[in-house]
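To keep things clear, I will list the structure first and then write my remarks on it.
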Amino acid sequence: MGSLRDVVVLLGPGLEPWRCSRFEWDGDAISRIDRVGPVLALDGGALVVIPGLWNSHTHMGDSCLPDGATGLTLEQGFFRPDGFKYRQLAAIGREEHLPHVVAHLRYMARTGTVGHIDFREQGPAGSELLREASRASGVESVILGQFSGVPFGADLLMANEAPLPEGARGELEAILRVADGFSESTMNDLTDAAWREVRALTGRLGKLRAIHCLENEGYRDVSLARTGRGDLARAIDLLDPHLVVHMTVAGTEEIGLLAASGRTAVLNPRANANLGLPLPPVRALMESGANLLLGTDNGLLNSPNLLAELDFTYKLAKSQFADAVRPDPLAILRMATSNIGAVLGADHPGYLDAGLPATFVVLDFHQPHLRATRHVPASVVSRATPEDVLATYRLGRALYSSERFAEAGAP
Ligand SMILES: [Zn+2]
């Protein structure tokens, strides 16, 4: 059981800030919240409690290579079979690899993240390694496995007729025994027939499906040249993914297609920018009504610190809306909190209320740059840093707790 007195809590799916005289949890659930009244500005600081953050697109496998992609294009750094990432992952042993991943999951907890959706390379063994890191760190890993190698050569991909080879079908089944779902780099990695098989098997087993789409023009162009359809249209028709990642170069028609499909998009603006790609159309996607999430993408490309991603995305969206008012900063924060429920279900609401999971972050708004904020949500999104995270709780358990929090008489 734990209790915080006189705090500001971002409450409910909308994340409205309320001054609360008590915020209590018992076991893994929030047991009591005593509301005093809505609050926007602070005069003498406060502890601010926000839902635990969800990072919906990571590749923590390559977190052992921070900034390893510097100077490389998307294709040179990240594409199979010979991209930098795949060569490096093949060269590192498990005993060396696992501690890197655990350390980065702990870093995520220190920056307010309670869970992530990971696009895990290296077949069943890769998924197993992340499962172990998740257990060690307490951070929840939703693992989407990927084939260890490309199942098709260029000729078979161009002909676009072959089903999954026997070996790949066996590997897919093995991945799904460990992982929560399946992902691939792009729609261009498999034939249409193979995608239909992936959809059928994952559907039968109740697993998640995700795919990177429209990260650059090449995704669409290669798909069009081979099949007569762009990669997003094929993804929605053949794979029916729960998550469409990137949408960086999506046009109006493609954004309309995604919104009409009811599927969720995961945006990764810092990773896109870091590769010299265009910035994603955050405004158009928000206006389309599509459910949106945020991710930090590869560990070797970008730090898995969602506070930085929130700041960048908020300012990018403001620039695209081109006025001083939109968007509401809470609409950006929902991309890392309450929007996750549409994908992970009712036991992952991504917001705080009595009876819901005690999965939250305590921010120190007594710090000089926060204590007199005129707008708590804007400061959470654009001004809070990892240094301001006092504690991160998942299901009532502290994944991270700072010395400062202990000194202040932490629960
Ligand atoms: Zn990815």
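The values are calculated or read from the model by the stated rules, or taken from the named source; none is laboratory data. Since this is a predicted model, take the numbers as computed values, not measurements. When we count neighbours, we look across all protein chains shown, and the Cβ atoms used for this are built from the backbone with ideal geometry, even at glycine.
Scanning the stretch 265-276 for residues that are within 13 Å of the ligand (Cβ to nearest atom) and assigned to a loop (DSSP other than H, G, I, E, B) gives Asn268, Leu275.
Yes/no per residue for (1) more than 18 Å from the chain's Cα centre (by Cα); (2) part of a loop (DSSP other than H, G, I, E, B):
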{"site": "Ser134", "(1), (2)": "no, no"}
{"site": "Val142", "(1), (2)": "no, no"}
{"site": "Ser148", "(1), (2)": "yes, yes"}
{"site": "Leu172", "(1), (2)": "yes, no"}
{"site": "Ile175", "(1), (2)": "yes, no"}
{"site": "Ser183", "(1), (2)": "no, no"}
{"site": "Thr202", "(1), (2)": "yes, no"}
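Every test in (1) surrounded by 16 or more Cβ atoms within 10 Å (Cβ to Cβ); (2) not assigned by TED's automatic domain parsing to the domain that holds Val245; (3) not in a loop (DSSP other than H, G, I, E, B) is passed by Arg32 save one, and that test is (1).
Annotation: of all residues in the stretch 240-264 being more than 16 Å from the ligand (Cβ to nearest atom) and among the hydroxyl-bearing types (Ser, Thr, Tyr), the one that is surrounded by the fewest Cβ atoms within 10 Å (Cβ to Cβ) is Thr252.
Only one of the numbered conditions (1) surrounded by fewer than 22 Cβ atoms within 10 Å (Cβ to Cβ); (2) in a loop (DSSP other than H, G, I, E, B); (3) among the hydrophobic types (A, V, I, L, M, F, W, C); (4) within 21 Å of the chain's Cα centre (by Cα) is violated by Leu370, and that is (4).
Residue-wise test of (1) touching a residue at least 24 places away in the same chain (Cβ under 8 Å); (2) at positive phi; (3) touching an Asp or Glu at 6+ places or on another chain (Cβ under 8 Å); (4) buried (at least 16 other Cβ atoms within 10 Å of the Cβ).
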site: Val343; (1), (2), (3), (4): yes, no, no, yes
site: Asp347; (1), (2), (3), (4): no, no, no, no
site: Asp388; (1), (2), (3), (4): yes, no, yes, yes
site: Glu407; (1), (2), (3), (4): no, no, no, no
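For the stretch 293-317, what are the residues that are crowded, with 23+ Cβ neighbours inside 10 Å, under 13 Å from the mean Cα position of the chain (by Cα) and within 16 Å of the ligand (Cβ to nearest atom)? Matches in the stretch 293-317: Leu293, Leu294, Gly295, Thr296, Asp297, Asn298, Gly299, Asn302, Pro304, Leu306, Glu309.
Filtered by the rule that a residue be over 20 Å from Phe182 (Cα atoms) and either acidic (Asp, Glu) or within 14 Å of the ligand (Cβ to nearest atom) (or both), the stretch 204-235 gives Asn216, Glu217, Asp221. The residues of the stretch 110-126 that are farther than 30 Å from Glu403 by Cβ and within 15 Å of the ligand (Cβ to nearest atom), listed by number, are Ile117, Phe119, Arg120, Glu121, Gln122, Gly126. Going by the structure shown, is Gly145 within 16 Å of the ligand (Cβ to nearest atom) and touching a residue at least 12 places away in the same chain (Cβ under 8 Å)? It is true that Gly145 is within 16 Å of the ligand (Cβ to nearest atom) and touching a residue at least 12 places away in the same chain (Cβ under 8 Å). Scanning the stretch 180-203 for residues that are farther than 14 Å from Val142 by Cβ and away from the ligand (no atom under 14 Å from the Cβ) yields a count of 14. For the structure I just gave you, tell me whether Asp67 is buried (at least 17 other Cβ atoms within 10 Å of the Cβ) and at pLDDT below 95. The answer is no for Asp67.
Residues checked against (1) at pLDDT 95 or above; (2) in the same structural domain as Gly181 (by TED's automatic domain parsing); (3) more than 30 Å from Glu121 (Cα to Cα):
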| site | (1), (2), (3) |
| --- | --- |
| Leu285 | yes, yes, no |
| Asn291 | yes, yes, no |
| Gly295 | yes, yes, no |
| Leu306 | yes, yes, no |
| Thr313 | yes, yes, no |
| Phe321 | yes, yes, yes |
| Pro357 | yes, no, yes |
| His375 | yes, no, yes |
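Tell me yes or no: at least one residue of the stretch 302-319 is without any contact (Cβ under 8 Å) to a residue 40 or more places away in the chain and under 25 Å from Ser261 (Cα atoms). Yes, some residue in the stretch 302-319 is without any contact (Cβ under 8 Å) to a residue 40 or more places away in the chain and under 25 Å from Ser261 (Cα atoms). Residue count for the stretch 35-90, restricted to those that are more than 16 Å from the ligand (Cβ to nearest atom), in a loop (DSSP other than H, G, I, E, B) and under 25 Å from Ile143 (Cα atoms): 6. Report whether or not Arg334 is in contact with a strand residue (DSSP E or B) (Cβ under 9 Å, 6 or more places away or on another chain) and buried (at least 22 other Cβ atoms within 10 Å of the Cβ). So Arg334 fits the description; yes. Scanning the stretch 122-136 for residues that are in contact (Cβ under 8 Å) with a residue 12 or more places away in the chain and among the basic types (Lys, Arg) yields a count of 1. May I ask you to verify whether Leu176 is at pLDDT 95 or above and under 30 Å from Gln76 (Cβ atoms)? Spelling it out, it is not the case that Leu176 is at pLDDT 95 or above and under 30 Å from Gln76 (Cβ atoms). Residues in the stretch 377-406 that are modelled with pLDDT under 95 and in a strand (DSSP E or B): 0 in all.
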